[in-house]
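Everything on this sheet refers to the single structure shown next.
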Amino acid sequence: MSAITRASRGDDGSPARDEQGRPDTGVHAASQGGVSAHPSWRFLDRFDLWVDWLQREGGVWKPHQSVLHRTFKTREETLLHAERFIGRGDFPMQSATGSSAAPVTLMRNRRDALLRAFREAEGDGVTLIREVQFPVGEYALGVKVTRERIAEEVRAPFGSAANPLRSLSGRAVRLTVLIEHPYDVLTRAQGSLEVTDRGARLGAETQDFAAGVSVVGVPYRHATVAISRGLLKKPLLYRYELAEAAGE
């Protein structure tokens, strides 16, 4: 799986911004704990095109039937496919009797109006790129383009600069110590994480790790340190999770 490293762009062609308003380059820069982002801590952009029939309930448009959902690798490809789909003007809808979906074809002037509305629509520029709700009789067509940033899993020795646990340094983290089995939880702890060359400190909890021990995780989300206990025993796992993500 290749990683995207070029800077993403907003609808006006300017560099996209992250939640803090900083230029979004596709690679997180950890500002807490003095940790520099390692080149392997990269994210992939996934763009989704959603087309749905909506029905008004209590004065609010609610999902009624899905028309189309497709995933793309680039923003440009997604927007181009959306405009082509709108240009065809066929939006299938299931009948009330449950028979096969039949296309609802918009007249040319209505297709043009929907296309103009879609081109002028705006989202937050981060996760929601564009969204429009276009009334068609008692229903409406909802056309939406979203972006999801998906982090790649990283595996590295603890002593390596690529160690994904380093990405959580200085952040509120939840630690679960367990045997490699979902029910064999030994201890839990939570607090601000400090990662050193020889281990990790979480409040009053301190763990020492050898430089060569394996760490696997998704940067800025979670990381697990696996400690071997011999050939016939399952590894001891130290699982660190970003506290906000663990509570979702």
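The values are calculated or read from the model by the stated rules, or taken from the named source; none is laboratory data. Nothing here was measured: the structure is a model prediction, and the numbers come from that model. Heads up, the Cβs are rebuilt from the backbone with ideal geometry, glycines too, and the neighbour counts pull from every protein chain shown. Note: areas computed on protein heavy atoms with side chains; ligands, DNA, RNA excluded. Shrake-Rupley method; radii C 1.70, N 1.55, O 1.52, S 1.80 Å.
Among the residues of segment 212-227, how many are open to solvent by 60 Å² or more (accessible area, probe 1.4 Å) and touching a Pro at 6+ places or on another chain (Cβ under 7 Å)? Reasoning before the result, please.
Filtering segment 212-227 for residues open to solvent by 60 Å² or more (accessible area, probe 1.4 Å) gives 212, 221.
Those still in the list that are touching a Pro at 6+ places or on another chain (Cβ under 7 Å) too: 212.
Looking only at that region, the number is 1.
Identify, from the list 241, 194, the residue that is under 19 Å from residue 154 (Cα atoms), in a strand (DSSP E or B) and open to solvent by 40 Å² or more (accessible area, probe 1.4 Å). Steps first, please.
Details: 194 fails: under 19 Å from residue 154 (Cα atoms).
One residue alone meets the criteria, 241.
For segment 129-139, what are the residues that are closer than 17 Å to residue 83 by Cα and either of a type outside the set (Phe, Trp, Tyr) or outside any strand (DSSP E or B) (or both)? Quick ask: steps written out before the conclusion?
Start the filter on segment 129-139 by keeping residues that are closer than 17 Å to residue 83 by Cα, which leaves 129-134.
Across segment 129-139, the qualifying residues are 129, 130, 131, 132, 133.
Yes or no: residue 147 modelled with pLDDT of 95 or more and exposed (fewer than 14 other Cβ atoms within 10 Å of the Cβ)?
The answer is no for residue 147.
Which residue is least open to solvent (accessible area, probe 1.4 Å), if the candidates are limited to segment 49-90 and must be more than 13 Å from residue 146 (Cα to Cα) and assigned to a helix (DSSP H, G or I)?
Taking segment 49-90 as the starting set, the residues that turn out to be more than 13 Å from residue 146 (Cα to Cα) are 52-68, 80-81, 83-90.
When the remaining residues are screened for being assigned to a helix (DSSP H, G or I), the result is 80-81, 83-88.
Values: 80: 85, 81: 41, 83: 49, 84: 148, 85: 24, 86: 2, 87: 42, 88: 136 Å².
So, considering only residues that are more than 13 Å from residue 146 (Cα to Cα) and assigned to a helix (DSSP H, G or I), the one least open to solvent (accessible area, probe 1.4 Å) is 86.
Among the residues of segment 106-116, is any surrounded by fewer than 18 Cβ atoms within 10 Å (Cβ to Cβ), without any contact (Cβ under 8 Å) to a residue 12 or more places away in the chain and within 32 Å of the chain's Cα centre (by Cα)?
Checked segment 106-116: at least one residue is surrounded by fewer than 18 Cβ atoms within 10 Å (Cβ to Cβ), without any contact (Cβ under 8 Å) to a residue 12 or more places away in the chain and within 32 Å of the chain's Cα centre (by Cα).
Could you please give the count of residues in segment 112-128 that are more than 26 Å from residue 94 (Cα to Cα) and outside any strand (DSSP E or B)? Write out each step before concluding.
Initially, segment 112-128 is screened for residues more than 26 Å from residue 94 (Cα to Cα), giving 116, 119-128.
Filter again for outside any strand (DSSP E or B), leaving 116, 119-127.
Total meeting the criteria: 10.
Quick check on segment 155-176: of everything there that is in contact with a Ser or Thr (Cβ under 7 Å, 6 or more places away or on another chain) and under 16 Å from residue 212 (Cβ atoms), which residue is most open to solvent (accessible area, probe 1.4 Å)?
Only one residue fits best here, namely 155.
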